[in-house]
Each structure stands twice: as structure tokens, then as C-alpha cells.
Amino acid sequence: MDRLDAMSVLLAVVEAGSLSAGARRLRAPLATVSRKVSDLEKHLGVPLVLRTSRGLALTEEGRAFAAASRRILEDLEAAERQAAGDYGALRGGLHVTAPIAFGERHLLPIALDFLKEHPEINLRLTLADRQVSLADEHVDVALRIGHLADSALIATRIGAVRRVICASPAYLARRGVPHQPDDLARHDGISFQGFATAPEWRYRGDSAAFAVEPRPTFAVNTTNAAIQAALAGIGIIRVLSYQVADQLQAGDLRELLAEHAPAPLPVNLLHAPADPPARKVRSFLDWTIPRLRERLAH
């Protein structure tokens, strides 16, 4: 059995989501692809993939072996390029994920410039307001907003974002301006569940933080819908600063109770531990980190 070939087949199947899709990607017979995965499992003595009606999923051993296979194949490719005198060119796939609004506002322009510098990189940018699993969804770099849970992932802090409470001038003219957090109990609120680290209705006082919420008169499932409702004068929202930066600057929304805002939330770039990390990952981080820090410092 050619183990390097078997590793390549396994990764193609995993990235495609099924044996049949992997076979199409490799332009190989389905029976051949299925046999190579089975031979690899027999060689290792453990199941690597679970075949289901919806496709396949990696076992715990499969996730570890796929990650190791990806590193081995990338190191082999780098060694071949170096031997051929072509070490300077970055090639291959790179999967990055970030929250939607932050990604569109800050990460997308940086990623596009990175692609111009490295045109042989195939960059996949997944923008999603949920916590994407690096292992399960084969992500190389993830941008996370909020306090991180303990994990083996390597995190690099690039800045922080404020939590802001705001409302439209029309709403405030009709209902009055809250001057203390306790005043919110007499106001209408807009709630949403579209962001994994949606800001809580918490405030800093003279001692410990405390929570006060306005009456939830309107609920939606996306951040953008909540912002549109606030612009329409429906009620008060609490969001992250970059999500309403344009509306605040234009005066379409007005920030409230800034002196009671809790501490900003950290922003980090995460990647899986590797010694050393894949060259394309290291290059993307070296390119992105200083540029994002500069953006978040303003």
C-alpha cells in the first residue's frame, strides 16, 4: 500500500464530504477510493471514517490521523519545492473563518491583498456567526471574538471590540433617553440570537457588574435584522461596536450608557498546534496579524 497516496485519498474524501464526492474530485472510480480508505483503516487497525446516509464523519482517531496526514503532505510538498528551487511560492488550499460582519469589514480586504501577493494559494473564507470547529470543518485559521475556552488551539490576540447599547434618535425622542442602567427596565428592547458571542445586557457599576434588560418587545435571529429594527425606532439594541460603526458615525443610531459599558471583548486568531505550523498558515498569520491590529487600534 502506498501510504502517501492513501493519505491523499483520505483527505480528498474528508474535504469533499463523502466517498462519491471524493472520487469525483480525484477523478477515480468509487470502488478504488473506497478500497484505499478501507486498506488504510486495516493497516492502522482502527476505523477512520463513519459512513452514514448523509455522507461520512471522522472518528476521533480519524481526525487525529487526517490532521497528521495534512501536515506530512504539506511538509513533503514544501521539501519538493525547496529541492526544485521554488520554495518562495506558496501553494495549496487555506481555509479561514470569521464572524460575518467583522469578516466583511476587516478581514476580507486583508485576505484579498494576501491573495494578490500569493496568487497560487486557494483561499476559502467562511463567514459565519457561529463557532466553527477547526477540526471538524478542516479550518486552518479562525478569528474568534470573546473569551476563549481552554483548548489546545494556539491563540494570538489582535485587539478588542467594545459592547455598545444604542437606539435611534426617533426612538429616544419618543421614549426618552436612559441615563442609568435601571432606566432600561422602562424601555423596549430588541433581542437576537444570531451571534455566538452576542453581548449580554451587563453593566459596570460602583462594584460588581450587574444586569438590567429592557422589555423584549421584538426578537429576531440575525444581527442585521436587529440593527434594522433599531434604525426603524422599534427599541434599544446591544451589539458589538463594529456592527454599528457606520450607523453611529452617521448619527442614525446613538450610543447610550457608555460610561457603564463592561470591558471590551478580546479578538483572537486561532490555529491548530503544529511545530512548526504549515508555511502557508504562518505566512497568512504574519500578513494578517499586524494589519488587523492596526485596524482595531483605530
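Tabulated results
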item	result
Whichever residue in region 164-204 is under 21 Å from the mean Cα position of the chain (by Cα) and either at pLDDT 90 or above or of a type in the set (A, V, I, L, M, F, W, C) (or both) and, among such residues, is most open to solvent (accessible area, probe 1.4 Å)	ALA196
From the options PHE102, PHE65, residue that is aromatic (Phe, Trp, Tyr), open to solvent by 40 Å² or more (accessible area, probe 1.4 Å) and modelled with pLDDT under 95	PHE65
Enumeration of residues in region 243-277 that are of a type in the set (Gly, Ala, Ser) and either closer than 27 Å to THR288 by Cβ or open to solvent by less than 30 Å² (accessible area, probe 1.4 Å) (or both)	ALA245, ALA261, ALA263, ALA272, ALA274
Helices (runs of 4 or more DSSP H) enclosed by region 205-298 - at least 1 residues per element that are without any contact (Cβ under 8 Å) to a residue 12 or more places away in the chain, within 30 Å of HIS118 (Cβ to Cβ) and over 19 Å from the mean Cα position of the chain (by Cα)	279-297
Qualifying residue in region 209-216 (condition: surrounded by 14 or more Cβ atoms within 10 Å (Cβ to Cβ) and either of a type in the set (Asp, Glu) or at pLDDT 90 or above (or both))	yes
Selection from region 1-57 of residues that are under 16 Å from SER69 (Cβ atoms), open to solvent by 90 Å² or more (accessible area, probe 1.4 Å) and not in a helix (DSSP H, G or I)	MET1, ASP2
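The values are calculated or read from the model by the stated rules, or taken from the named source; none is laboratory data. Note that the coordinates shown come from a computational prediction; the quantities given were computed from them, not determined experimentally. Methodologically, a virtual Cβ is constructed for each residue, glycine included, from the backbone with ideal geometry; neighbour enumeration extends over all protein chains shown. Side chains are part of the model used for accessible areas, which takes the heavy atoms of the whole protein and leaves out ligands, DNA and RNA. Shrake-Rupley method; radii C 1.70, N 1.55, O 1.52, S 1.80 Å.
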